[in-house]
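Colleague: Here it is: the structure, laid out below.
No lab work stands behind these numbers, since they all come straight from the coordinates. Worth saying up front: this structure is predicted, and the values here are computed from it rather than measured. Note: ideal-geometry Cβ built from the backbone for every residue, glycine included; neighbour counts use all protein chains shown.
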Amino acid sequence: MVTEVICGEQGVMMLDEMTASALAETFKVLSDSTRVRIISALVERELCVHELSEALGLSHSATSHQLAMLREMRLVAATKRGRHKIYRLDDEHIADLFQQGLAHILHT
């Protein structure tokens, strides 16, 4: 995961290629504003596709497509309740990542 690389006289801790690639893929998925808006809503509470579609002003299928990409990267998870899938952030690290990114862009 992390290896020491010698740079000059001192070592530097650096991610290995596989870990760096996985992290880059996560940031790639988060590079879409619609997906970031979904994350921002799910930081607040769990929502179904219908609620997210209405909030985003997108079709049900377009919202589902965005959620599938987030699910594939384990950023969101779904629970079936009756006929509905209820989406939530996969874990607290996703909320932390979102909050840190937001704090960074709001920092002046």
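Colleague: Using only the alpha carbons of the chain, what is the convex hull's orientation-averaged projected area in square nanometres?
Modeller: If I average the Cα hull's projected area over directions, I get 9.1 nm².
Colleague: Another question about this same structure. Sorted by packing (mean other beta-carbon atoms within 10 Å per residue), highest first, where do 51-60, 69-78 land?
Modeller: Highest mean packing first, the order is 69-78, 51-60.
Colleague: Continuing with the same structure: Taking the Cα centre of the chain as origin, work out the dipole magnitude from +1 charges on Lys and Arg Cβ and -1 charges on Asp and Glu Cβ, in debye rounded to 20.
Modeller: Values: 11 positive and 15 negative charges, 160 e Å.
Dipole magnitude for the chain comes out near 760 debye.
Colleague: Sticking with this structure for a sec: Helix-only estimate, please: 222 nm mean residue ellipticity of the chain, summing -39500 (n - 2.57) across DSSP H runs of length 4 or more and dividing by its residues, to the nearest 500.
Modeller: Value at 222 nm, helices only, nearest 500: -17500 deg cm²/dmol.
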